[in-house]
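Report on the structure given below.
No lab work stands behind these numbers, since they all come straight from the coordinates. Just so you know, these numbers come straight off a predicted model, no measurement behind them. Every residue, glycine as well, gets a Cβ built from its backbone with ideal geometry; the counts of neighbours run over all protein chains shown.
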Amino acid sequence: MTRSVRLAARQALLEQRSFWRSAEYALFTFAFPLMILLLIGAANVGSYLPGTHVKNTTVFVPSILAFGIIVAAYVNLGSKVAVLRHDGVLKRIKTTPLPSAAYLGGLLASTVATVVLITACTGLIGWLAFGAGPRPGGLPALSIGLILGIVCFATLGLAISSVITSAESAGPVAYASFLPIAIISGVFDPTFSGLPQWLDRLVTAFPVKALAQVMQGAYTVRPFPAWDLANLALWTALGVGFVAWRFRWHT
Amino acid sequence: MTDTRVIDEWIAPVTDGFAVQVRGLRMSYGSTEVLRGVDFDVRYGEVFCLLGPNGAGKTTTLEILEGFRPATGGTVRVLGLNPATQASRLRERAGMVLQECGFPRQARVAELIDMWRSYYPNPRPLGELLAVVELAEVRNTQVRKLSGGQRRRLDFALALAGDPDLVFLDEPTTGFDPEARRRCWAAIENLRRLGTTIMLTTHYLDEAECLADRIAILRAGQIELVGTTRQVAALAGLATRISFTTPAALRRGQVALPDGFGLTVRGPVSVCHTDNAAVTLRRLLDWAVQNRLGDLDGLAVAAPSLEDTYLQLTGPDPEIT
């Protein structure tokens with residue numbers, strides 16, 4: 001057991017080194033959420049949510065926290081595993097005595113490191129640029145959102161990796177399967193509204209809005225997000241089931 | 001023979017001296033029968049080559065031995081283990097080079113080998129691995145910048161990282177230019193010197209002839225022949241080939257062909273095959289003297305080659321029939 005943990009930690013270090021070595025990949029992973037944060041955040045400075053005293057940025061910054069988690073856990077991990085499978089790296093791992101759990105554990109640990117870093121950057125810049133920080137007593141909500149967000153979207157990332165059929169399409173498929181949902185979930189626009197009722201219900205069923213709302217609960221007082229947490233747990237369960245059913249070590 | 005047995009017992013007494021034992025191996029995909037009762041043994045310390053045309057079942061055989069596929073029937077023992085049920089124990093002691101397995105794109109050569117070493121209980125030293133596969137100069141290069149031949153040698157290094165008793169190589173040089181092939185062969189030769197048992201598949205004759213101690217020819221899911229290169233040729237019942245430059249008089253039809261030993265004229269070269277080279281050669285030279293053809297320029301006597309054997313087994317060959 002301890003050996004597996006040690007091997008997983010080593011794997012995670014190698015993954016992190018490789019991640020930072022491909023500069024454009026690392027930069028894009030970080031630059032995308034941060035750019036959106038700064039550009040759209042600037043457009044919302046001084047505005048308040050209709051009929052409230054809540055600043056737009058107080059809702060927008062935690063939404064981008066959720067966005068960053070999803071990019072690092074779902075898009076990055078999902079496309080990475082698809083590429084590793086397509087390149088035969090996963091199959092090569094299977095020729096060694098390394099336990100599968102230690103290898104996947106290493107990939108997940110590296111993902112956690114990236115997510116934590118991206119969340120810290122987004123939170124810090126949101127606070128410095130727009131004065132939007134977590135409310136007093138908001139840290140538990142932030143931690144729960146972070147943990148559940150990573151677990152849920154990393155699982156869904158592994159799930160989507162099994163659907164991707166080529167290394168070339170890995171990035172596009174991962175992004176295309178989540179960006180439209182992020183847009184109609186209002187992640188990029190705190191005052192987003194006016195969806196037809198059926199579409200609004202549909203989008204609420206997806207985990208993107210749920211995670212955004214959990215994170216918003218750390219910045220502004222909201223009712224306890226029982227439905228959102230249940231939503232994330234349900235999607236995690238669906239993801240685990242799908243991974244167990246479809247995950248393959250080679251094409 | 002006695003010596004071999006002593007060494008075998010010293011390395012691994014549990015397996016009665018065989019690194020790999022295959023008996024009656026069968027494999028079907030749906031209704032297609034890929035392997036139809038395959039038998040062979042691989043001895044400790046030898047380079048054993050499974051030779052055959054594409055689609056003969058070489059990779060399938062190897063994947064069963066490596067524990068990647070359960071067989072439909074038959075018995076398989078690798079290092080005394082059953083690969084279907086003891087795959088994880090097997091992987092600590094056997095290195096595997098599969099066809100077309102990629103690397104993590106951004107990893108560096110030495111870093112990756114070191115990572116692989118950490119997977120095994122008793123890894124081989126990094127410097128030694130780099131030396132065996134001749135990659136010491138590119139140890140800090142990112143894997144994606146390596147040439148095809150270098151990548152294949154990195155494959156070898158990773159397969160050797162755990163200091164395995166047995167290494168499987170699936171078509172190690174397919175698609176390489178001659179220079180890259182030579183360097184791969186050199187790496188395999190280095191492996192052999194370390195005492196590692198090697199089982200490789202190939203559809204290149206020269207590769208089998210150059211590297212293998214023993215060869216099994218696999219064709220359409222069955223072993224046609226097993227033995228050393230010479231034994232395989234002899235078992236195939238092939239004749240010695242005698243050839244010489246066709247004399248001008250014979251080409252112009254001024255001299256009649258000798259009777260009785262099937263000499264055929266193919267433009268500039270005349271060829272015949274015989275089971276008794278000495279007798280045939282004497283008669284041939286007598287015939288040459290009688291017809292004032294001199295000493296027969298370019299006279300050559302060749303033992304049956306692996307290529308002759310292989311071509312005869314895997315397809316019709318007009319030169320022999």
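What does the helix-only formula give at 222 nm for chain B: each DSSP H stretch with n ≥ 4 adding -39500 (n - 2.57), the total divided by the residues, and the result rounded to the nearest 500 deg cm²/dmol? Walk me through the numbers on the way to the answer.
Numbers: 12 runs with 111 residues, N = 321.
-10000 deg cm²/dmol, from helical runs alone.
Taking the Cα centroid of the stretch A:75-153 and of the stretch B:130-205, what is the distance between the two, rounded to the nearest whole Å?
Taking the Cα centre of each part, the stretch A:75-153 and the stretch B:130-205 sit 36 Å apart.
Could you compute how fast the stretch A:13-120 diffuses translationally, taking Rh as the Kirkwood radius over C-alpha pairs and applying Stokes-Einstein at 20 °C with viscosity 1.002 mPa s? Give it in µm² per second.
On the way: Rh = 15.8 Å.
Answer from the Stokes-Einstein relation: 135 µm²/s.
Using alpha carbons only, what's the Rg to Rh ratio of chain B with Rh from Kirkwood?
Details: Rg = 24.0 Å, Rh = 22.1 Å.
Reported Rg/Rh (Cα atoms, Kirkwood Rh): 1.08.
For labels at A:Leu128 and B:Arg182 in the simple 7 Å Cα→Cβ model, what's the distance in nm?
5.9
Given a cut-off of under 8 Å on Cα pairs at least six residues apart, what relative contact order in percent is computed for the stretch B:239-303? Write out the running numbers ahead of the final one.
Details: 92 pairs, mean separation 31.8, N = 65.
The value is 49 percent.
Would you list B:Ile113, A:Ile184, A:Ile147 from fewest to most Cβ contacts within 10 Å? Display every interim value, and only then the final one.
Details: B:Ile113 23, A:Ile184 18, A:Ile147 13.
So the residues, fewest neighbours to most, are A:Ile147, A:Ile184, B:Ile113.
For the stretch A:2-246, what are the per-bin percents of Cα-Cα distances with bins 5 Å wide, up to the bin holding the maximum?
1, 7, 13, 18, 19, 16, 12, 7, 4, 2, 1, 0, 0
At 0.36 nm per residue, minus the direct Cα-Cα distance, what do A:Val240 and A:Leu39 gain on full extension? Give it in nm, one decimal, please.
Working: separation 201, 0.36 × 201 = 72.36 nm, distance 3.59 nm.
Between A:Val240 and A:Leu39, full extension yields 68.8 nm more.
How high is the relative contact order of chain B? Use alpha-carbon pairs under 8 Å, at least six apart in sequence, and give a whole percent. Mind dumping the intermediate values first?
Details: 569 pairs, mean separation 58.3, N = 321.
It rounds to 18 percent for chain B.
What list do you get for B:Met115, A:Met215 if you sort them by fewest beta carbons within 10 Å?
Values: B:Met115 21, A:Met215 31.
Ascending number of Cβ neighbours within 10 Å: B:Met115, A:Met215.
With label points built 7 Å along Cα→Cβ from the Cα atoms of B:Val301 and A:Val116, find their separation and express it in nm.
Label-label distance for B:Val301 and A:Val116, simple model: 7.9 nm.
Can you give me the three principal axis dimensions of the stretch B:179-243 from its C-alpha atoms, in Å, biggest first?
35, 33, 21
Which value results when the Cα radius of gyration for the stretch A:195-251 is divided by 2.2 N^0.38 Å? It would help to have the intermediate numbers written out before the result.
Values: Rg = 14.7 Å, N = 57, 2.2 N^0.38 = 10.2 Å.
Cα Rg divided by the expected 2.2 N^0.38 Å: 1.44.
I want to check a number: in the protein assembly as shown, how many lysine pairs have alpha carbons closer than 20 Å, given a sequence separation of 8 or more or different chains? Please list the in-between numbers first.
Numbers: A:Lys55/A:Lys209; A:Lys80/A:Lys91; A:Lys80/A:Lys94; A:Lys80/B:Lys145; A:Lys91/B:Lys58; A:Lys94/B:Lys58.
Lysine pairs meeting both conditions in the protein assembly as shown amount to 6.
What residues from the stretch A:59-82 fall in the zone where the backbone N is under 13 Å from a label point 7 Å along the Cα-to-C-beta line of A:Arg135?
Only A:59 pass the distance filter.
Once the stretch B:239-303 is represented by equal point scatterers at the alpha-carbon sites, with solvent omitted, what log10 I(q)/I(0) does the Debye formula produce at q = 0.12, 0.21 Å⁻¹?
After summing over all Cα pairs, the log10 values are -0.25, -0.80.
Quantify how much of the Cα-Cα distance distribution of the stretch A:92-224 extends past 19 Å, in percent. If you can, show how the numbers build up before the last one.
Details: 5451 of 8778 pairs.
Cα-Cα pairs in the stretch A:92-224 separated by more than 19 Å: 62 percent.
Taking 0.36 nm per residue of separation and subtracting the Cα-Cα distance, what length does fully extending A:Thr165 through A:His250 add?
On the way: separation 85, 0.36 × 85 = 30.60 nm, distance 1.12 nm.
Result for the pair: 29.5 nm of gain on full extension.
So what are the ³J(HN,Hα) numbers for the stretch A:20-30, from phi and the Karplus equation (6.51, -1.76, 1.60; θ = phi - 60°), rounded to whole Hz, Gly and Pro as x?
Rounded to whole hertz, the list is 6, 6, 8, 4, 5, 5, 4, 4, 5, 4, 7.
With point charges of +1 on the Cβ of Lys and Arg and -1 on the Cβ of Asp and Glu, referenced to the Cα centre of the stretch A:180-251, which listed residue (A:Leu202, A:Gly217, A:Val187) lies farthest in the positive direction of the dipole?
A:Leu202
Quote the Stokes-Einstein diffusion coefficient, in whole µm² s⁻¹, for the protein assembly as shown, based on the Kirkwood radius over alpha carbon pairs, a temperature of 37 °C and a viscosity of 0.692 mPa s. Don't skip to the end; give the middle numbers.
Details: Rh = 28.3 Å.
Using the Kirkwood radius from Cα pairs, D works out to 116 µm²/s.
Mind checking the log10 I(q)/I(0) for the stretch A:62-106 at q = 0.16, 0.34 Å⁻¹? Debye, one equal scatterer per Cα, no solvent, two decimals.
-0.53, -1.11
For B:92-102, what's the mean count of beta carbons from other chains sitting within 10 Å of each residue's beta carbon? The partial results should precede the final answer.
Details: counts 2, 1, 2, 2, 5, 2, 6, 1, 3, 10, 11.
Taking all residues of B:92-102 together, the mean is 4.
For labels at A:Thr204 and B:Glu128 in the simple 7 Å Cα→Cβ model, what's the distance in nm?
Here the answer is 6.6 nm between the modelled labels.
How much FRET efficiency would the formula 1/(1 + (r/R0)^6) give for B:Ser88 and A:Ala233, where r is the Cβ-Cβ distance and R0 is 30 Å, rounded to 0.05? Could you put the intermediate results ahead of the total?
Numbers: r = 33 Å, r/R0 = 1.10.
Given R0 = 30 Å and the Cβ-Cβ separation, E is 0.35.
Given Cβ point charges of +1 (Lys, Arg) and -1 (Asp, Glu) and nothing else, what value in debye, to the nearest 20, does the dipole of the protein assembly as shown about its Cα centre take?
Numbers: 53 positive and 46 negative charges, 315 e Å.
So the dipole magnitude of the protein assembly as shown works out to roughly 1520 debye.
In debye to the nearest 20, how big a dipole does the stretch B:239-303 give about its Cα centre with +1 on each Lys and Arg Cβ and -1 on each Asp and Glu Cβ? Could the numbers behind the result be given before it?
On the way: 7 positive and 5 negative charges, 35 e Å.
Dipole size: approximately 160 debye.
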